Structures are given as structure tokens and as C-alpha cells.
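Computed from the coordinates by the stated procedures, all read-outs in this text should not be read as laboratory data. All figures in this text were calculated on a predicted structure; none of them were measured in a lab. Quick reminder, even Gly has a Cβ in these numbers, built from the backbone with ideal geometry, and neighbours come from all protein chains shown.
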Amino acid sequence: MTGTALSPLRIVVAAHFHQRLLGWMGRRHFPVNEGLLLNPCNAVHGFFMRAPIDVVFLDRFASVVRVQALQPWHTARCRRAHMTLELAHGAFVRIGPDAVERSVARALYRGSRSTFARERR
């Protein structure tokens, strides 16, 4: 069952090196309706992660190129990707590719450069 009704996907953009490096490290939980967009980024790591996540690789037009479940202490890479979206494990299937692409495009269009440091808990 893809694309079921969930609250809108909130995307936090990590645009600086330090923000992209840390990602969601150390978080105890990952909200189903929140994603972390690493831009630019075509490879991620799960070092110091406590739980698996969904990694969505996107091209520069915000189209999904590849989706992978990333386990703690593993890495993932997609050479064709320009940016990467990190989601709670299983969220991509529940949200659906169309909603993910729309949400990423909207975040990029708005210039959503949220201060990621304030978002970390």
C-alpha cells in the first residue's frame, strides 16, 4: 500500500558540510513525516546510527533514482544521484515516490535552508 494518507512530509535541508556529515546520527527516533535532504550528496553512511533508515537518492531534478534501506554501520552510494533524502525506515513505502518527489521539489523551490543545528534533538 503506497502513498497512503500521512501528514505532509516535512523536509529539513542540510546544505553545509557539517550538517551533511552528521545527518541523523545519534537520534533515538525518526519521525515518519520528516526527512533530511542532503544536498549535494550521492553517498551516505550509517555510522553511529541506532536504527535503520530509508535512503532515497534523487537526481538534480528531484526524481527518485534509487531507494535503499540503510542499516547502522553500513554505507550506500549512487553515482547518478545529486542529492539524498534520509527517511525513517519504511516511510518511503508508506509515503510513495510521487509525494517524496513533490515534497523535495517544494523544499528546493522555497529555498528551504532550515538551520539544521536547531532541529537536532
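Brief remarks on what is shown
- Tensor-based shape of segment 10-115 (alpha-carbon gyration tensor, a/c under 1.5 rounded, otherwise prolate or oblate): rounded
- Trypsin sites (Lys or Arg not before Pro) within segment 29-110, DSSP loop, no more than 14 other Cβ atoms inside 10 Å: ARG50, ARG60, ARG79, ARG80, ARG110
- On full extension, the segment bounded by MET25 and ASP59 gains 9.9 nm, given 0.36 nm per residue less the C-alpha separation.
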